[in-house]
Amino acid sequence: MERPVRNLVRTLTLLVLISTLPSPAAATGDLFRFHASQGGFHFSLEMVGRMDPGYVQVSSSDFKPWMPRQPYYIEFNRAQQRAYVRPRTRGDLPWFEMDVVGTRGVLHYNGRRMEGTAEWGPW
């Protein structure tokens, strides 16, 4: 009888130790979204991460699979709810510029100027 009790105590101790080990976080962090559309054109930009600006993902109805990547300059202030994204150089490649204050923003893309909405996470 003593042996099963000892095994039970060891098992419980081991489970408690395992539960205190750090585990990888599943949360992706805070999220920022911006959406703009005009006619059949739509554009969206998302920033995910605990460190601002984090991971940036852009999609558009106008982008092609072979679209060249362009380096961008990003100013991002979550506390003031301000975001500004522009290309480092405006060469021959397609580019966009986005300026957001609060929940409203302006997008310049390929000769188009349109207004959009922003959402500041977390949700």
| Failed condition for Ala79, given (1) in contact (Cβ under 8 Å) with a residue 12 or more places away in the chain; (2) loosely packed, with under 12 Cβ neighbours inside 10 Å, with all others met? | (1)
| Where residues in region 75-99 are in contact with a Phe, Trp or Tyr (Cβ under 9 Å, 6 or more places away or on another chain) and aliphatic (A, V, I, L, M), which of them is nearest to Tyr109 (Cα to Cα)? | Met98
| query | If you scan region 83-106, which residues turn out to be surrounded by 15 or more Cβ atoms within 10 Å (Cβ to Cβ), assigned to a strand (DSSP E or B) and not small (Gly, Ala, Ser)? | reply | Tyr84, Val85, Arg86, Pro87, Phe96, Glu97, Met98, Asp99, Val100
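Each value in this text was obtained by applying a stated rule to the coordinates, not by laboratory testing. Please read all numbers here as calculations on a predicted model, not as lab measurements. Don't worry about glycine lacking a Cβ; one is built from the backbone with ideal geometry, like all the others, and counts go over all protein chains shown.
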